[in-house]
Amino acid sequence: MKKSHMIAVSCLLATSLVTGTAAAQSDKYKESGKNSEASDKYEKKEQEKQKEKAEKEAKMAKEEQEKQAEKAEKEVKKAKEEQEKQEKQAEKAAKEVKKAQEEQEKQAEKAAKEANKAQEELDKQAAKKAKEEEKAAKKASLKSDTYGNYKKYEGLLKAIERVQDKPAGSAVAEMLKAKYEMLLSLDQQKQLGDVTEKDAALWAAAGILEKDGNLTDAASIGKEALRANYKDIAAYKKLGLLYKKLGKQNLGLYVNGEELEAAPILHNGRTLVPFRSISEALKAEVNWNPADKSVTVTRGGVVVKLIIDNRIAYVNGKEKVLDIPATLIDGTTVVPSRFVSEALNADVQWEPETGAVIIIDKEAMENTEASATTEANADTQ
């Protein structure tokens, strides 16, 4: 039996006992003949007292009952909330397990794709290598037939050296026509038939090697062609484009067709060139004075003096104002490229597409042109 029910029963029993006691007391007064007004008042007062007490106890019992009911309701609510919490945790755990499983499947799928991709790449590389080996074998066979015992482009150069009775360009052109006839169009064969200059023949050979995928040899042939005619500005562009295909990105610096190891430098939007390297390539004497940080260059009857970080230069003792001062960059004295032509009697040009700086000695160029004119006059006599 619940505690609240026991309390209610106790209250009823107490009320009954009080009522019984009052009734017994009344009977006692009646039996004894004391049936007076005082006894009636007393009885009435006692009954009211007992009634009030019973009502208080009943009220207390009711409040206790309500309190117990409220407590029970709270416990039920708490148990329900705990159950819902456990259900949510179970649901969350199930979701996490499902998510982990999905992630595991996703990773497995990704790993499988990567493995397939890696295998495909390996297969692709293997096929590419096999194709390159086949191509190299064909190329080696072709070079062996074309060049004899010489390797790569050296055979062409040796062929030129062996020709004594006709222009070198014509000899190389005839050899190219004979060995590559199936690869050449009629227009290309006609163009080769008209070739007489050594540089034109070499550029034709470089073009065939480039088409065949042999960029290194094509660039080597191009350098030989450039040396054969270093005044041809278009040739520097051809060589620069071959270099770009080979992955060479730095600007080229050429003196009379010879490429210098030192390259031009882009500094604050200006192209600067290494003064010592150019001066030595032009057969000039270069001296460095650490006391005043000056460079003196002597060539023929010209003496040029530069002072580091000073815009004033001296040519045969006369002041020349530079656009920007001579500067030391990584231990190298660099100056504006235009100053070279003014100071050392050289022609400076810039090839815009490849960025190459081209320096040609005016004196050497004049001597070459004079020699060519003399030979031409001799042939006409």
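The values are calculated or read from the model by the stated rules, or taken from the named source; none is laboratory data. Remember, it's a predicted structure, so these values are computed and weren't measured experimentally. Ideal geometry is used to build each Cβ from the backbone, glycine not excepted, and the neighbour counts take in all protein chains shown. Quick note on the areas: whole protein, heavy atoms, side chains included, nothing else; ligands and nucleic acids left out. Shrake-Rupley method; radii C 1.70, N 1.55, O 1.52, S 1.80 Å.
Annotations for the structure displayed:
- Lys211 being touching a Gly at 6+ places or on another chain (Cβ under 9 Å) and open to solvent by 50 Å² or more (accessible area, probe 1.4 Å): no
- Residues of region 101-121 classified as under 28 Å from Gly213 (Cα atoms), over 24 Å from the mean Cα position of the chain (by Cα) and either at pLDDT below 85 or outside any helix (DSSP H, G or I) (or both), total: 0
- Whichever residue in region 272-303 is under 12 Å from Ala326 (Cβ atoms) and among the aliphatic types (A, V, I, L, M) and, among such residues, is farthest from the chain's Cα centre (by Cα): Val297
- Pair list, Cβ < 6 Å and 6+ apart or interchain, from region 297-319 residues that are under 13 Å from Val286 (Cα atoms) to residues that are hydroxyl-bearing (Ser, Thr, Tyr) and surrounded by 14 or more Cβ atoms within 10 Å (Cβ to Cβ): Val297/Ser279; Lys305/Ser294; Lys305/Thr296; Lys305/Tyr314
To keep it simple, each residue is scored yes or no on (1) under 20 Å from Tyr314 (Cα atoms); (2) open to solvent by less than 40 Å² (accessible area, probe 1.4 Å); (3) modelled with pLDDT of 80 or more; (4) assigned to a helix (DSSP H, G or I).
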site	(1), (2), (3), (4)
Val340	yes, yes, no, yes
Ala343	yes, yes, yes, yes
Ile359	no, yes, yes, no
Thr374	no, no, no, yes
Asn377	no, no, no, yes
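- When restricted to residues that are hydrophobic (A, V, I, L, M, F, W, C), within 18 Å of Lys223 (Cβ to Cβ), buried (at least 19 other Cβ atoms within 10 Å of the Cβ) and in contact (Cβ under 8 Å) with a residue 60 or more places away in the chain, region 241-280 contains 2.
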